[in-house]
Amino acid sequence: MTKLAKPFLGFGLGLRANHYEEVLQTKPKVDWFEIITENYLVPGGKPLYYLDKIREHYPMVMHGVSLSIGSTDPLDKNYLKSVKKLANRVQPQWISDHLCWTGVNNNNNHDLLPLPYTEDAIGHISNRIIEVQDFLGQQILIENVSSYLTYKDSIMTEWDFINEILSRSGCLLLLDVNNVYVSSVNHQFNPLDYINALPSDKICQIHLAGHLNKGNYIIDTHDHEIIDAVWRLYEKTIKAHGMISTMIERDDNIPPLSELLEELTKAKKIANKTNRGKSILIIGKSK
Ligand SMILES: [Fe+2]
């Protein structure tokens, strides 16, 4: 398995169908785009047409939602083959998916479900990540998900669980700062304990997003603008770990592109101000 260089890409957006034409026509100042892998696992059609056109002008990364790395079902080799085929077409800087399970017995419920933080789960998931990386021929990134429940079998914190998987599998982390915040409210922990415990050299990308606050709990809906508390947590993340490729996720209630560009400018200002004078972290290339 080859460890690819993971350059600092700058500040990106999720590519959404509502913005295809505008992106192509206006070439907005976005450093890179993240695509949802599953939207392009088809032989043809409009999404692939726009993907190819937009790829000519922007670097891209691929972000999947169907790997189900925590499931006890065997890995879906047909799915992995189609991911590899798309990667050959897109030539992404990297490929990511979520640290979760999405179903068992071949049922996909399309939810990113949390895992029990146990030794058995660490071993099971690390082995599966190694298998995926061997199949794809490159390191992958796993993303921390937000959660609404915990398991009585868990024997460690979420951050200890993640750190152990990163260490054993050799994969990298896509750190969703909003997900850390959402889970910290839902499960009553200090989000800085989580952020500060992560290894700087393994964080390859950051997600920022909005959510829905229901009072005594938060739902990770990606349909609102980013709230101030998440911006502050992002600032502290950059302070702790240095500059990291950052991207804004909006999956519902999608606003005009100009609004997302404003949020992206805010992310850039916060990161540049926080990281002033420090070097940019580039995860090195090695075999
Ligand atoms: Fe995310």
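The values are calculated or read from the model by the stated rules, or taken from the named source; none is laboratory data. Bear in mind the structure is a predicted one, so any value in this text is a computation, not a measurement. Virtual Cβ from ideal backbone geometry, glycine too; neighbours counted across all protein chains shown. Ligands, DNA and RNA are excluded from the accessible area calculation, which covers all protein heavy atoms including side chains. Shrake-Rupley method; radii C 1.70, N 1.55, O 1.52, S 1.80 Å.
Remark on Glu34: its backbone amide H falls under 5 Å from those of Leu13, Gly14, Leu15, Val61, a criterion applied only to residues 5 or more positions apart or on other chains, H modelled at 1.01 Å from N.
Computed over protein heavy atoms with a 1.4 Å probe, the accessible surface of segment 46-155 works out to 48 Å² per residue.
FRET efficiency for the pair Leu48 and Asp73, taken as 1/(1 + (r/R0)^6) with r the Cβ-Cβ distance and R0 = 25 Å, rounds to 0.35. Using θ = phi - 60° in the Karplus curve 6.51 cos²θ - 1.76 cosθ + 1.60, the 3J(HN,Hα) couplings for segment 24-35 round to 5, 6, 9, 6, x, 6, 10, 6, 6, 10, 9, 10 Hz; x is entered for Gly and Pro.
Heavy-atom accessible surface of segment 186-245, averaged per residue, reaches 44 Å², computed with a 1.4 Å probe. Each residue of segment 67-78 was assigned a 3J(HN,Hα) from its phi angle through the Karplus curve 6.51 cos²θ - 1.76 cosθ + 1.60 (θ = phi - 60°); the sequence is 5, 6, 5, x, 6, 8, 5, x, 4, 7, 5, 5 Hz, with glycine and proline shown as x.
Under 18 Å of direct C-alpha separation, and excluding same-chain neighbours fewer than eight residues apart, Lys152 reaches these aspartates and glutamates: Glu119, Asp120, Asp160. Once backbone amide H atoms are built at 1.01 Å from N, Trp101 has Gly70, Leu113 as its partners under 5 Å, excluding neighbours fewer than 5 places away on the same chain. Here's the list of aspartates and glutamates a cross-link from Lys236 could span, going by alpha-carbon distance under 15 Å and ignoring same-chain residues fewer than 8 apart: Asp176, Asp193, Asp228. Couplings for segment 173-185, taken from phi via the Karplus curve 6.51 cos²θ - 1.76 cosθ + 1.60 with θ = phi - 60°, read 10, 9, 8, 8, 5, 5, 5, 4, 5, 4, 5, 5, 6 Hz in order; Gly and Pro are left as x. Using a/c under 1.5 as the rounded threshold, could you call segment 150-269 rounded, prolate or oblate? The axes a ≥ b ≥ c are square roots of the C-alpha gyration tensor eigenvalues, and prolate needs a/b larger than b/c, oblate otherwise. Oblate, since a/c reaches 1.5 and b/c is not below a/b. Restricted to Cα atoms, the chain shows a radius of gyration and a Dmax of 18.0, 52 angstrom. Amide hydrogen proximity for Gln138: with H placed 1.01 Å from N in the peptide plane, the residues at 5 or more positions away or on another chain lying under 5 Å are Thr2. Among the listed pairs Lys202/Lys239; Lys3/Lys81; Lys29/Lys81, those whose Cα-Cα separation exceeds 23 Å are Lys29/Lys81. Ranked from largest, the principal axis spans of the Cα set of segment 78-131 equal 37, 23, 16 Å. Cross-link partners for Lys46 among the lysines, with Cα-Cα distance under 21 Å and sequence neighbours closer than 8 places in the same chain left out: Lys27, Lys84, Lys85.
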